[in-house]
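A.B. asks: Right, I'll just put the structure down here and ask away after.
The values are calculated or read from the model by the stated rules, or taken from the named source; none is laboratory data. Computed from a predicted structure; not experimentally measured. Positions of Cβ are backbone-derived with ideal geometry, glycine not excepted, and every protein chain shown enters the neighbour counts. Each accessible area value is taken on the protein alone, full model and side chains, heavy atoms only, with ligands, DNA and RNA left out. Shrake-Rupley method; radii C 1.70, N 1.55, O 1.52, S 1.80 Å.
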Amino acid sequence: EIYGFTVDVYRGSDVTVDLYRKLPEYGYKLIIFRAHSGLIEAEGQKGLKTAIFTNEPYSHKKYLAEQLNHMLPMVRVREGEPFFFGIDSKFVMESMERQFEDTVIIIAGCSCLYFDDMAQAFIYKGASVYLAWDRAVNADYVDEAFAYLIRELCTEGITLKEAVNKTMLEEGKDPTYRATLKYFPLGKG
C-alpha cells in the first residue's frame, strides 16, 4: 500500500492491447501510464493523433478488425527500432470494454495533451479528469515532476489545479522540450 492506495503494477510484456482493452473492468480510481506516447500520423487522414504505446510487438496478423479500423497504430520509439502496437483515441472509445467510474487518468509520457483527442476519449469512457504533458518530455524530468505531482495530490485539502500549478512552479517545464503539465477538462481543477 502506498499513500493508502493498493497498487497494481503492469510492466514489460504485461502491457498489451488486451490489458488496455480491459482497464475499465478493473474498477481503478487512479490509473497512471508510465509509457512511451506521442504524436503519430493519422492513417487515412491528414494530420496527427495521439498514441500510447503497448509493449506488444506489432504483427499484421493480430487484432485485424481493429487494425482495419485504424485503432491500433504501429508505433516505435525511434527510427530503426522495432514496431509495437499503440492505442489511439478511437481504440479507447470503441474497443475498451465497459466504462471507467470517475477514474483519474495520468499519462507520464510525451505529448498526450498536445491535442485533446486522447483526453476526450478517456472522459467519454467515464474518466473524471485526464492529466498529461503537452509536448515531448525527457524521462528523468518526467519521473521527477511526476513524483512531485503525486506527493502534492496526496496532500490533504489541495485541489488538482493547485497540485498541477505547484508542480510546474517547483519543477518547471521540461528543460529540453519545454513541456507543460496540463489537465482536461479545465473545469475539473
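A.B. asks: Out of the residues in region 154-174 that are of a type in the set (Gly, Ala, Ser) and within 21 Å of Phe5 (Cβ to Cβ), which is least open to solvent (accessible area, probe 1.4 Å)?
C.D. replies: Applying the filter and picking the extreme gives Ala163.
A.B. asks: Out of Cys112, Cys154, I need the residue that is farther than 29 Å from Ser95 by Cα and among the hydrophobic types (A, V, I, L, M, F, W, C). Which one?
C.D. replies: Answer to the check: Cys154.
A.B. asks: Ile106: assigned to a helix (DSSP H, G or I), touching a residue at least 60 places away in the same chain (Cβ under 8 Å) and either more than 15 Å from the chain's Cα centre (by Cα) or closer than 21 Å to Thr180 by Cβ (or both), yes or no?
C.D. replies: Spelling it out, it is not the case that Ile106 is assigned to a helix (DSSP H, G or I), touching a residue at least 60 places away in the same chain (Cβ under 8 Å) and either more than 15 Å from the chain's Cα centre (by Cα) or closer than 21 Å to Thr180 by Cβ (or both).
A.B. asks: Also, quick follow-up: Can we say Lys22 is farther than 18 Å from Thr103 by Cβ, surrounded by fewer than 17 Cβ atoms within 10 Å (Cβ to Cβ) and out of contact with any Leu (no Cβ under 6 Å at 6 or more places or on another chain)?
C.D. replies: Values: farther than 18 Å from Thr103 by Cβ: no; surrounded by fewer than 17 Cβ atoms within 10 Å (Cβ to Cβ): yes; out of contact with any Leu (no Cβ under 6 Å at 6 or more places or on another chain): yes.
Taking the combined requirement at face value, the residue does not satisfy it.
A.B. asks: With the condition kept exactly as written, say whether any residue in region 53-68 is open to solvent by 40 Å² or more (accessible area, probe 1.4 Å), closer than 23 Å to Gln120 by Cβ and basic (Lys, Arg).
C.D. replies: no
A.B. asks: Counting only residues that are of a type outside the set (Ser, Thr, Tyr) and in a helix (DSSP H, G or I), how many does region 109-126 have?
C.D. replies: The qualifying residues number 7.
A.B. asks: Would you pick out the residues in region 33-49 that are touching a strand residue (DSSP E or B) at 6+ places or on another chain (Cβ under 6 Å) and either surrounded by 17 or more Cβ atoms within 10 Å (Cβ to Cβ) or under 13 Å from Gly86 (Cα atoms) (or both)?
C.D. replies: Phe33, Ala35, His36, Ser37, Leu39, Ile40, Ala42
A.B. asks: Among residues belonging to region 68-108 that are among the small types (Gly, Ala, Ser) and touching a helix residue (DSSP H, G or I) at 6+ places or on another chain (Cβ under 7 Å), point out the one that is nearest to Asn138 (Cα to Cα). Quick ask: steps written out before the conclusion?
C.D. replies: Here is the first cut: in region 68-108, the residues among the small types (Gly, Ala, Ser) are 80, 86, 89, 95, 108.
After this cut, where a residue has to be touching a helix residue (DSSP H, G or I) at 6+ places or on another chain (Cβ under 7 Å) as well, the list is 89, 95, 108.
Numbers: Ser89: 23, Ser95: 30, Ala108: 10 Å.
Here the answer is Ala108.
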